[in-house]
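Colleague: Starting off with a structure, shown below.
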C-alpha cells in the first residue's frame with residue numbers, strides 16, 4: 001500500500017469519488033447497511049435492516065445520512081416513532097441541512113445547539129433521525145417555569161401499597177397538587193418568591209429553604225422537601241419519600257445503562273439560573289459523568305448511546321434572551337437560516353398530496369470515508385509533519401477570523417459568541433472522523449461546520465471596496481487566501497513525495513530481506529547452495 005493510501009484512504013491520483021459514494025448518490029442521501037463477518041449488505045429501508053439485524057445477532061446495523069454513519073440501535077426500548085408518523089415528512093434541503101448537522105454531532109458525540117425560526121422543523125428533523133436510527137428520544141421542554149429538579153431530579157412522596165386504594169387516590173391528588181405548586185413558583189433576581197398566574201404563593205418558610213437551594217445551585221434535599229410540604233399544609237405522614245430522576249440522568253442510564261438521546265426543546269426560554277445549572281452537565285468530561293449531590297452524591301455514568309441535542313429560537317423572539325458566551329462555547333452551536341420558498345412548497349406538496357421532493361443539493365453528500373485514515377496524528381513522523389502544516393493554517397484562520405468577527409458588530413437580537421480553543425479541539429475531532437482524499441478540503445469543511453455554522457447566513461459585511469458580502473462567504477474566502485499564503489497544500493504534497501519515496505525504499509528493502517530469509521532456509525542443505533549464493537545472501541542481510 002502506498003503512503004498516499006495510508007494517509008488519505010486512497011491516492012489523489014486515483015478517482016476521487018469511491019464506488020460506494022457513487023452508489024450512495026444513486027440511492028439518495030439516506031440509506032441503510034449492515035455488517036456481518038466483515039461483509040456489508042445494503043438495504044433499501046429501515047424495516048429491512050432491522051429485520052436482518054434481529055435475525056443475525058452478531059450483525060451491526062447502520063444508518064447513513066449524507067455519508068455520516070450512525071449505528072442503529074437493535075434491542076428493546078427503541079424509537080417511539082413509526083412509519084406512519086413520517087408519511088407526510090418532506091426530505092427537502094432544509095430538512096437535510098438539519099439532519100446532517102445533527103448526524104455529525106451525534107457521530108462525534110458533541111452536544112449540539114441548533115438555532116432557527118419556529119417553522120423550519122428542528123424538532124421534526126431530530127425525531128425523524130431518532131426514528132431512522134431506532135433510538136429512543138427523551139424530551140425536556142424549557143420555559144420560564146422549568147425547574148432544576150426537572151433536569152436532575154427530586155424527592156417526591158410515594159403512596160404505600162398498604163394504604164387503601166380509596167385513600168391512595170386522595171393522597172396522590174394532594175401529592176400532585178403539592179408538586180405542581182412547588183414547580184410552578186419562580187424566583188426573581190432579588191431573591192423574593194413570586195407567584196405565577198392563578199398560583200398560590202409559597203409561605204415565607206418555604207421561600208427561605210428554596211432560596212438556600214437556589215444560592216447553592218442544587219435541587220431540594222429530601223428533608224427540605226418534607227419541611228416544605230409541612231409549611232404548605234400537606235400532611236404526608238406515613239408516606240415514603242423516594243428520589244425521582246430528572247430527564248438528564250434518566251437519558252444517561254436508559255436501556256440498561258446504554259443510554260438514549262435527550263432533546264432540550266426551546267432551551268433559550270430557560271431562566272439564567274437553569275442555564276448555569278446545565279454547566280454541571282456540559283463539562284470537559286464530555287457528557288459522560290454526573291454527580292447528584294442531592295441523592296447521596298450518586299454518580300451517574302452516561303452510556304455509549306447517550307447524546308444531547310438542543311434547539312432554540314433566535315434571540316430576537318419575544319421572551320428570548322441571548323446566551324452568555326461562556327455557555328455557548330460548551331456546545332456545537334449552529335445557526336440555520338429560514339425556510340426557503342422552494343422548501344416551503346415541497347412540504348406543502350408532501351403534506352397535502354403525498355408528493356415528495358427530489359433532493360438536488362449535492363452539498364449534503366459529504367462522502368463515504370474509507371477505513372484507512374489517520375486515527376492519531378502522533379502515530380508517525382509523517383502524520384506529525386502533516387498536522388503541523390494543518391495546525392498552522394487552522395490557528396492562523398482562528399485568529400484572523402476572530403479579528404473579522406469582532407469588526408462586525410452584532411445587531412439587536414443577535415447571539416454573541418467567540419472563537420476559542422474548544423472550536424479547535426472539535427475541528428480536529430472532525431478531521432480525524434471525516435477525512436476526505438484531500439485533508440485541506442476536510443479542514444475547510446470542518447471550519448465551515450464549526451466556525452461559519454455559528455454565523456447567521458444573512459449577516460452581511462462591507463469589504464474595503466464597498467462590496468457587500470455575507471460574513472460566511474467572507475470567511476470562506478479568508479481560508480482560501482490563508483491556505484495560499486502559507487502554501488499549505490504545496491507543503492503537504494512535498495511531505496507526501498518525501499515520505500512516499502522513503503516508504504518505497506522501505507518496501508524494497510523488506511522484499512529483499514524476505515528473499516534473503518528464504519535463501520537462508522536453504523543453507524541447511526549446502527549441497528544445493530554454492531559459495532557464490534551464500535555470499536549474495538549474506539550481503540543482502542547486511
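Laboratory data are not the source of any read-out in this text; all were calculated from the coordinates shown. The shown structure was predicted, so the numbers you read here are calculated from the model rather than taken from an experiment. Glycine gets a Cβ as well: all are built from the backbone with ideal geometry, and neighbour counts include every protein chain shown.
Colleague: With the contact rule set at Cα under 8 Å and sequence spacing of 6 or more, what percent relative contact order holds for segment 381-491?
Modeller: Working: 66 pairs, mean separation 32.6, N = 111.
In percent, rounded to a whole number, it is 29.
Colleague: Another question, then. Want the number for residue 355 to residue 203: 0.36 nm per residue separation, take away the alpha-carbon distance, what's left?
Modeller: On the way: separation 152, 0.36 × 152 = 54.72 nm, distance 5.84 nm.
Contour length minus the Cα-Cα distance gives 48.9 nm.
Colleague: To the nearest 0.05, how large is the calculated FRET efficiency for residue 420 and residue 318 if R₀ is 22 Å and r is the Cβ-Cβ distance? Write out the running numbers ahead of the final one.
Modeller: On the way: r = 30 Å, r/R0 = 1.39.
Between residue 420 and residue 318 the formula returns 0.10.
Colleague: Quick check on packing: order 376-389, 324-337 by the mean number of other C-beta atoms within 10 Å, highest mean leading. Intermediate values should be presented prior to the final figure.
Modeller: On the way: 376-389: 15.1, 324-337: 18.3.
Those peptides, ordered most packed to least, come out 324-337, 376-389.
Colleague: Find the eigenvalues of the gyration tensor of the Cα atoms of segment 243-341, then list the square roots of 5 times those eigenvalues as equivalent ellipsoid semi-axes, largest first, in whole angstrom.
Modeller: On the way: eigenvalues 146, 52, 29 Å².
One finds semi-axes of 27, 16, 12 Å for segment 243-341.
Colleague: Taking the Cβ-Cβ separation of residue 244 and residue 441 as r and a Förster radius of 45 Å, what is the calculated FRET efficiency to the nearest 0.05? List each step's numbers first, then the result.
Modeller: Numbers: r = 49 Å, r/R0 = 1.10.
Plugging the Cβ-Cβ distance into 1/(1 + (r/R0)^6) gives 0.35.
Colleague: While we're looking at this one, here's another question. I'd like the FRET efficiency for residue 412 and residue 480, computed as 1/(1 + (r/R0)^6) with the beta carbon distance as r and R0 of 22 Å, rounded to 0.05.
Modeller: Numbers: r = 32 Å, r/R0 = 1.47.
For residue 412 and residue 480, the calculated efficiency is 0.10.
Colleague: Show me 316-322, 455-461 ranked by packing, highest mean number of other Cβ atoms within 10 Å first.
Modeller: Numbers: 316-322: 13.3, 455-461: 15.6.
Result, highest mean first: 455-461, 316-322.
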